[in-house]
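Note sheet for the following structure.
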Amino acid sequence: MGLSDDPFTFQATKDGRLRISRGLNVVMVLGGQRAEKLLRALSAAEDIDAQQQLLARATGNYRRGNERIVNAKLQGGS
């Protein structure tokens, strides 16, 4: 299950926080400078895939290189 199958969503709140969710669960809430910086990056992102990568990195749900290994195992590879 990848980002396209189970995408992140985000919502900016009135008090300046950024709520990041995946499915029905709130994954994290950012505030202050981290929220501002991520919101600017999300606004400047080229497309939805780029936004998803930014949200995955912000939440720590980003694996460099591990995706191929996990996907191969899920598809019956070694």
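The values are calculated or read from the model by the stated rules, or taken from the named source; none is laboratory data. These numbers come from a predicted model, not from an experiment. Neighbour counts are summed over all protein chains in view; Cβ atoms, including those assigned to glycine, are modelled from backbone coordinates with ideal geometry.
Filter region 12-37 for residues that are of a type in the set (D, E, K, R) and assigned to a loop (DSSP other than H, G, I, E, B); which is surrounded by the fewest Cβ atoms within 10 Å (Cβ to Cβ)?
LYS14
If ASP5 meets every condition in (1) exposed (fewer than 12 other Cβ atoms within 10 Å of the Cβ); (2) in a helix (DSSP H, G or I); (3) not basic (Lys, Arg) apart from one, which number is that one?
For ASP5, the exception is condition (2).
Taking the residues in region 1-33 that are basic (Lys, Arg) and in contact (Cβ under 8 Å) with a residue 12 or more places away in the chain as candidates, determine which candidate is nearest to ARG57 (Cα to Cα).
Filtering region 1-33 down to residues basic (Lys, Arg) leaves 14, 17, 19, 22.
Narrowing the set further to residues that are in contact (Cβ under 8 Å) with a residue 12 or more places away in the chain leaves 17, 22.
Numbers: ARG17: 17, ARG22: 13 Å.
For region 1-33, the residue satisfying everything is ARG22.
Of the numbered conditions (1) out of contact with any helix residue (DSSP H, G or I) (no Cβ under 9 Å at 6 or more places or on another chain); (2) surrounded by 12 or more Cβ atoms within 10 Å (Cβ to Cβ); (3) modelled with pLDDT of 75 or more; (4) not small (Gly, Ala, Ser), LEU54 fails exactly one; give the number of that condition.
(1)
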